[in-house]
Amino acid sequence: MNKEWTPHVIAVTAFAVFIVLGLACASAPSEQTTGSKSAPSMPTEIRLRENKLKGGAELEINEETWETYAIVARWYAEKKGDYQKAIEYYSSGLELNRKDDGLYAGRGSAYLFTEDYDKAIADFTNALAIEPNNFASLLFRGFAYNNTGNLDKATADLEAVLRLDPNYAPAKEVLADIRKRQKQ
């Protein structure tokens, strides 16, 4: 597959992998069909509030725990595509719990998607300090390093990913692209 690994392609790939692996510390609300309308299923600590003026919906937290902040952050990122709002909620969760690698990885992914690579790298590094073999954090930090031009660190992270999963195609492809650019 001949794919150009632009920052946007890397961010989209990273976020898709993050969602598939479900590496944030709590699950995002799932969609349940009720009659003909689809509504998010929420824990009782969180409720969906319709915003008629803005034509959308927002989540309201009734019980402030780091877990509920994580759920709301993932909802904003996955369902609404509002990465700035997700960053705010992950940050609120981190104020309550700085020992959860999923909160750092989730916020790092949101930073990666907004192309704030230095903050993404910092958050993935914090996640890796807690859980050194966090696959997503190694992968996404490698992507972020690649996007900042730090190819040696990107290579190190992507090689670590391939030690965990030798057949992981996105890591192989980005690593091949890095090596090709290093030879030029």
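Throughout, read-outs are computed from the coordinates displayed, never taken from laboratory work. Since the structure is predicted, the reported quantities are computational estimates derived from the model, not experimental observations. Here the Cβ positions follow ideal geometry from the backbone for every residue, glycine too, while neighbour counts run over all protein chains shown.
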Problem set entry | For Asp116, distant residues with modelled amide H under 5 Å away | none
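Which value results for Rg/Rh of the stretch 79-142 when Rg is the Cα radius of gyration and Rh the Kirkwood radius based on the inverse mean 1/r?
0.94
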Exercise. Tell me, what does the Kirkwood hydrodynamic radius of the stretch 128-178 come to in angstroms if you use every pair of distinct C-alpha atoms?
Worked result: 10.5
Problem set entry | Ile178, Ile130 arranged by Cβ crowding within 10 Å, fewest neighbours leading | Ile130, Ile178
Problem set entry | Rg and Dmax [Cα atoms of the stretch 72-184; Å; Rg one decimal, Dmax integer] | 14.2, 47
Problem set entry | Two-site FRET efficiency, Leu96 against Ala176, from Cβ-Cβ distance with R₀ of 35 Å, rounded to 0.05 | 0.30
